[in-house]
Amino acid sequence: MKRLLVVGGGLIGIRHVHAAQAHPDCVLVGLADPDRSINTDAPRFDAMEDVDCPVDGVIIATPTHLHTAHGIQAAERGWHMLIEKPVAGSIEDANLLGQAVASAQVSSLVGHHRRYHNLVQHLKSVLADERIGQVITVSLIWAMRKPNAYFDQNWRTSGGSPVMINLVHDIDLLRFVIGEISDVAALRGPSVRGSTRVESGAVALAFECGATGTISFADTAPSPWGFEAGIGENPNIGTTGQDMMWITGTKGAISFPSMTLWHGEDWGIPAQQIPLELTSNPGRPLDAQLDHFLAVMEGADPLTDVADAAQTLAVAMKIEQELAAQKNRRM
């Protein structure tokens, strides 16, 4: 039975609290967060340094700029850690965290939980088996309108770019199923809320395998297209069941998350839809990630460690930097 502590009681932190409380192989020793208005029946601590009970592993779900400090603090106490994405606020911080983890000889896992989704695993397998041939292009959309309250009187008001909060998930998804990203270019969209932060934009990607891709993103545009809406795994986001990613190859194409597979030859013959057998797995990715975290604490190789997550962070930061350097266009 593993003893877990959750640090940070925000939207994702509370989901980790519930997952730990429901898991048969771990016990939640508490939630560390100074906000006592958080509605939970978990034992409470104001901060990590106040924890005075045995802990085997910690789930760090605090704002990104605090990940490194909290991760180093956990390493110094000998706690294995699951760190929410992005792994850190900068590459330098990610490297410091990696050094602390290695020095303390504790295990790390980073919360890119989409990798655990059954359909994502199927997609990776389909592409690896070259069911659509060599991957040529990928097009991805993430377009949601976040409620205004999401930005009210918190760190997101100026630092809540969807690149680091949301798009980082899509970047990691693309790295996982297609391969490493070698280059990016980005264009900034308009400011709808009148803030200085990035709200929308378009990204062009080049992959080491030779494929290219595009991402269109916005947190100001209600639409049915986005990973969470298509999959339906996030209780805070409405489910639409619509595809949000389309991948083409030399033998056909596939759309996700419907996993609609097409085969074709040339434009003179219509591409044909091919039935794709999928194994059903009703489990939630966060639960599968927690299962894996418990295994990592026992010595299993992490699916995403600090070093791997730092590569996703590097791509996201390059996009963010390009967008931040561009003029803030207003509607």
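Based solely on its DSSP helices, what 222 nm [θ] is calculated for the chain when runs of n ≥ 4 H residues each add -39,500 (n - 2.57) and the sum is averaged over all residues, nearest 500 deg cm²/dmol?
Numbers: 9 runs with 98 residues, N = 331.
So the calculated ellipticity at 222 nm is -9000 deg cm²/dmol.
Protein chains only, probe 1.4 Å: how do TRP262, TRP142 rank by accessible area, largest first?
On the way: TRP262 95, TRP142 5 Å².
Ranking TRP262, TRP142 by accessible area, largest first, yields TRP262, TRP142.
Using a 1.4 angstrom probe on the protein heavy atoms only, could you order THR304, THR196 from most to least accessible area? Write out the running numbers ahead of the final one.
Details: THR304 0, THR196 105 Å².
Largest to smallest exposure gives the sequence THR196, THR304.
Note down the relative contact order for the stretch 1-151 as a percent, whole number, built from C-alpha pairs under 8 angstrom at least six residues apart.
Working: 215 pairs, mean separation 25.9, N = 151.
The normalised contact order for the stretch 1-151 reaches 17 percent.
Considering only protein heavy atoms and a 1.4 Å probe, what is the carbon-and-sulfur percentage of the accessible area of the stretch 1-149? Intermediate values should be presented prior to the final figure.
Details: 3140 of 6220 Å².
Carbon-and-sulfur percentage of accessible area, whole number: 50.
Would you please put 306-314, 240-248 in order of how densely packed they are, using the mean number of other Cβ atoms within 10 angstrom per residue and starting with the highest? Intermediate results must be reported in sequence, preceding the final value.
Numbers: 306-314: 21.6, 240-248: 18.3.
Going by the mean number of other Cβ atoms within 10 Å, highest first, we get 306-314, 240-248.
So with the 1.4 Å probe, I'd like the accessible area per residue for the stretch 63-143, rounded to whole Å².
Numbers: 3100 Å² over 81 residues.
Accessible area per residue, the stretch 63-143: 38 Å².
Using a simple charge model, +1 on the beta-carbon of Lys and Arg, -1 on the beta-carbon of Asp and Glu, nothing else, what dipole does the chain show about its Cα centre, in debye to the nearest 20? Walk me through the numbers on the way to the answer.
Values: 24 positive and 37 negative charges, 211 e Å.
The dipole of the chain has a size of about 1020 debye.
Mind pulling the angle between the C-alpha long axis of helix 67-76 and the longest principal axis of the chain? Nearest 10 degrees, somewhere in 0 to 90.
Orientation of helix 67-76: about 50 degrees from the principal axis.
Find the eigenvalues of the gyration tensor of the Cα atoms of the stretch 57-142, then list the square roots of 5 times those eigenvalues as equivalent ellipsoid semi-axes, largest first, in whole angstrom. Each step should come with its number before you reach the end.
On the way: eigenvalues 210, 40, 29 Å².
Each semi-axis is √(5λ); the values are 32, 14, 12 Å.
To test your reading of the geometry: what angle, between 0 and 90 degrees and rounded to tens, separates the Cα axis of helix 118-128 from the longest principal axis of the chain?
Once rounded, one gets 50 degrees.
With a 10 Å cut-off between alpha carbons and a GNM built on the chain, which of GLN273, GLN134, GLN21 moves the most?
Judging by the Gaussian network model, the answer is GLN273.
Expressed as a rounded percentage, what relative contact order does the chain have, with Cα pairs under 8 Å and six or more residues apart?
Working: 654 pairs, mean separation 61.7, N = 331.
Relative CO of the chain lands at 19 percent.
What residue among GLU265, GLU84, GLU228 shows peak mean-square fluctuation when the chain is described by a Gaussian network model with Cα springs under 10 Å?
Answer for the Gaussian network model of the chain: GLU265.
Under 24 Å Cα to Cα from LYS2, which lysines show up? Leave out anything in the same chain fewer than 8 places away.
Leaving aside lysines fewer than 8 places away in the same chain, those within reach of LYS2 are LYS85.
Which whole-Hz couplings ³J(HN,Hα) result when phi for each residue of the stretch 264-274 is put into the Karplus expression 6.51 cos²θ - 1.76 cosθ + 1.60, θ = phi - 60°, listed in order with x for Gly and Pro?
In residue order, the calculated couplings are x, 10, 9, 6, x, 10, x, 4, 10, 6, 10 Hz.
Any chance you could check the Cα centroid distance between the stretch 267-317 and the stretch 1-52 for me, in angstrom?
The stretch 267-317 and the stretch 1-52 have Cα centres separated by 25 Å.
Taking a 1.4 Å probe, which of LYS2, LYS327 shows the most accessible area, and what order do the others take after it?
Details: LYS2 45, LYS327 170 Å².
Accessible-area ranking of LYS2, LYS327, largest first: LYS327, LYS2.
Among ALA19, THR137, SER216, flag the residue with its Cα farthest along the positive direction of the charge dipole of the chain, charges on Cβ as +1 for Lys/Arg and -1 for Asp/Glu.
SER216
Once you have the Cα-Cα distance between ILE38 and GLN321, take 0.36 nm times their residue separation minus that, and quote the gain in nm to one decimal.
On the way: separation 283, 0.36 × 283 = 101.88 nm, distance 3.39 nm.
Here the segment from ILE38 to GLN321 would lengthen by 98.5 nm.
If the cut-off is 17 Å between C-alpha atoms, which lysines fall inside it for LYS251, apart from same-chain ones fewer than 8 positions away?
The reachable lysines, counting only those whose Cα sits under 17 Å from LYS251, are LYS124.
So how tilted is helix 11-22 from the main axis of the chain? Cα-based, degrees 0 to 90, rounded to 10.
It is inclined by approximately 70 degrees.
For the chain, with the dipole built from +1 on Lys and Arg beta-carbon atoms and -1 on Asp and Glu ones, taken about the Cα centre, which of SER125, THR40, GLY226 lies farthest toward the positive end?
Farthest towards the positive pole: GLY226.
The values are calculated or read from the model by the stated rules, or taken from the named source; none is laboratory data. Source: prediction; values computed, not measured. Quick reminder, even Gly has a Cβ in these numbers, built from the backbone with ideal geometry, and neighbours come from all protein chains shown. Note: areas computed on protein heavy atoms with side chains; ligands, DNA, RNA excluded. Shrake-Rupley method; radii C 1.70, N 1.55, O 1.52, S 1.80 Å.
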